[in-house]
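A quick write-up on the structure given underneath.
The values are calculated or read from the model by the stated rules, or taken from the named source; none is laboratory data. Keep in mind that what you see is a predicted model, and the values were worked out from it rather than measured. When we count neighbours, we look across all protein chains shown, and the Cβ atoms used for this are built from the backbone with ideal geometry, even at glycine. Side chains included, ligands, DNA and RNA excluded: accessible areas come from the protein's heavy atoms. Shrake-Rupley method; radii C 1.70, N 1.55, O 1.52, S 1.80 Å.
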Amino acid sequence: MGSINRRHFFRRAQHFVTGLAGGMLGGTLPSAADTTLVQGAPASGYGARSRFETIKRWITPSRYPTATASWTPLAELEGVVTPSALHYERHHGGVPDIDPQAHRLLVHGRVARPLEFTLDELRRFPLVQRVCFLECSGNGYREWSGPGGADVQQTHGLTSCSEWAGARLADVLHECGIEPDARWVLAEGADGAAMTRAIPLDKCLDDVILAYAQNGEALRPEQGYPLRLLVPGFEGSISVKWLRRLKLGTQAWRTREETSKYTDLLPDGSAREFSFVMEAKSVITRPSPGGAPLTSGFHEIRGLAWSGRGRVTRVEVTTDGGRSWQDARLHGPVLPICHTRFTLPWRWDGAATRIASRCHDETGYVQPTREVLRAVRGDHSFYHYNGIQCWQVDGDGRVRNA
Amino acid sequence: MREQGRHYRAALALVPVLAATTVAGADAGDDGRYGLGHAAAPAHIAAQDIAIAPNGAELPPGGGDARTGAAVYAARCAACHGSSGREGPDPVLVGGQGTLASDAPLQTIGSYWPYATTVFDYVRRAMPFTAPGSLTPDEVYAVTAFLLHANGIIEADTVLDRETLPAVVMPNRDGFVPDPRPDLP
């Protein structure tokens, strides 16, 4: 097709191929508009994704839209970093609108010098940065009693992974002079719930970040702008957002979020408290429920694995319902307490089967089955579900939670 | 404190020198500090110091009993939690004692919460949902008394205040165990 004819054609049929071209392509595929014939959009100050890209967080229906959660669409993402705009949310009192110039962090309690810090002052402390996942302890809560979520977004979408940057909490606490009898640090947010969690001081002095940046820019409002805690490997709610206050004390505070909530009820009626660590977990994101039905032939199985205790060392995948397991390829760099991408080539023969992944971490921990978890923790646990996730591939190529 | 304050000012004076050095480990001053931040005024601390630990040390003056609390509850809480705290639709606050080991555990303030101070702390900071932080200390003491009385934990005429509230022993006070994970065979 010559250039004159081509121009003529595209002016008349911008969006859909019809007639001759449709016949040539064997169907009604969208045409590729010839973008070489016109000037594109100008440069922009702050970029936006293509108008053709529409994936978004799924929001848990609630009578209280300011105290709910939104789930990351893991099935549609690649790599290990979650775009900031798609990072999961869990709010207890909505997203506050905070002026960073007016915001202060107060550090007091069992310290020699109670101090307040502006954002500019916190930025003057030595930088610490790391790529780190954050997972809500309720991620997968529907799966305790059997297949629950409709797709991977609803079964596993309360984990996300970002590059975080900020100050070492240890540096800021030392600045205030930690008293010898201090054992716990209460963190309080400036949201409508004045969200509070207490963190063992040892953890605070180890690897906790006072984060002001996520994926290279300021935190998003829904991620705690202008300042949040980032507590690597611990359940997400302890990484308090919109952080306004830290108080050092000799004992835990027993706030609502560490007694009534975020505790694990056991069959004998007792409950575990201070169950902070998110244990090793993995999920196949492709294929997974919700996509177009599979056709037989080659598919690369893709998924994510992570552990709050360190590096993922191995991910095994079964494509025959657990009769055999193969080691998946881990795509580096494999970082501690970080989403790790795994893949495994697979040729689907068109027969119904079940696929699943299980991960190992550097402590030797192996991701358990639902049955093993329930045998130990019973039927009334809500948090910390990390069972092997099984997808059923039906003979017609549809994939569902099994 | 006077001595520490002097060191603090000395550290501030070192900042320009520190900023010019790139030697690893030499970024903080001799005392390990950077000289950042500014002293927090006691009044400013007191205004924010609202978290109530089990010892109740930060509880404010004031008090209230279940009778007063019933009116506060009816006006500010019942729309979401039900007229008696048992109906919902939002978290059930009353009942459930003896159910935690059953097939249908009901985790309420009375059956599950280990410390009464937590009720005061949470209600004051986060409730009512549509107007968090709007109750006076007297109202928070009173509605706490209402909820504890409804759960059979205190008498109707018990006045809760900064002395009596921390002394309340909750039914599930000893119901919590440390996290033993990894816990699987």
* To do: Please work out which one of (1) surrounded by 15 or more Cβ atoms within 10 Å (Cβ to Cβ); (2) at pLDDT 95 or above; (3) not in a strand (DSSP E or B) is the condition A:Asp320 fails and give its number.
  => (1)
* To do: Filter region A:54-73 down to the residues that are open to solvent by 100 Å² or more (accessible area, probe 1.4 Å) and of a type in the set (D, E, K, R), then identify the one that is nearest to the chain's Cα centre (by Cα).
  => A:Lys56
* Quick one: A:Arg245 ticks every box in (1) of a type in the set (D, E, K, R); (2) closer than 23 Å to B:Ala47 by Cα; (3) open to solvent by 10 Å² or more (accessible area, probe 1.4 Å) except a single one, so which number is it? => (3)
* To do: Return the total of residues in region B:36-71 being in contact with a strand residue (DSSP E or B) (Cβ under 9 Å, 6 or more places away or on another chain) and charged (D, E, K, R).
  => 2
* In region A:135-150, is there at least one residue being modelled with pLDDT of 95 or more, within 16 Å of A:Leu77 (Cα to Cα), out of contact with any Asp or Glu (no Cβ under 9 Å at 6 or more places or on another chain) and of a type in the set (A, V, I, L, M, F, W, C)? -> no
* Inspect all residues belonging to region B:104-121 and state whether any of them is more than 8 Å from every other protein chain (Cβ to nearest Cβ), without any contact (Cβ under 8 Å) to a residue 24 or more places away in the chain, closer than 20 Å to A:Thr259 by Cβ and of a type outside the set (Val, Ile, Thr). => yes
* Check on B:Arg124, buried (at least 22 other Cβ atoms within 10 Å of the Cβ), of a type outside the set (A, V, I, L, M) and at pLDDT 95 or above -> yes
* Structure fact -> Within region B:147-185, the residues that are within 30 Å of A:His91 (Cβ to Cβ), open to solvent by less than 40 Å² (accessible area, probe 1.4 Å) and not in a loop (DSSP other than H, G, I, E, B) are B:Leu147, B:Leu148, B:Ala150, B:Leu165, B:Phe176
* Structure fact -> In region A:236-261, residues that are part of a loop (DSSP other than H, G, I, E, B) and away from chain B (no Cβ under 11 Å) total 4
* Among the residues of region A:318-345, count how many are closer than 29 Å to A:Ser162 by Cα and among the aromatic types (Phe, Trp, Tyr). => 1
* helices (runs of 4 or more DSSP H) contained entirely in region A:113-204, each with at least 1 residues that are within 12 Å of another protein chain (Cβ to nearest Cβ) -> A:119-124, A:169-176
* Pairs, please: C-beta under 8 Å, at least 6 apart or cross-chain, first residue within 7 Å of chain A (Cβ to nearest Cβ) and in region B:31-45, second part of a loop (DSSP other than H, G, I, E, B) and open to solvent by less than 50 Å² (accessible area, probe 1.4 Å)? -> B:Tyr34/A:Phe125; B:Tyr34/B:Ala28; B:Leu36/A:Phe125; B:Ala39/A:Arg113; B:Ala39/A:Pro114; B:Ala40/A:Pro114; B:Ile45/A:Pro114
* To do: Find all pairs meeting these conditions: Cβ atoms under 7 angstrom apart; at least six residues apart or on different chains; first residue within region A:183-202 and outside the structural domain of A:Phe234 (by TED's automatic domain parsing); second residue open to solvent by 20 Å² or more (accessible area, probe 1.4 Å).
  => none
* Structure fact -> Those strands (runs of 3 or more DSSP E) completely within region A:329-401 that have 2 or more residues that are surrounded by fewer than 16 Cβ atoms within 10 Å (Cβ to Cβ), within 25 Å of the chain's Cα centre (by Cα) and within 14 Å of another protein chain (Cβ to nearest Cβ) are none
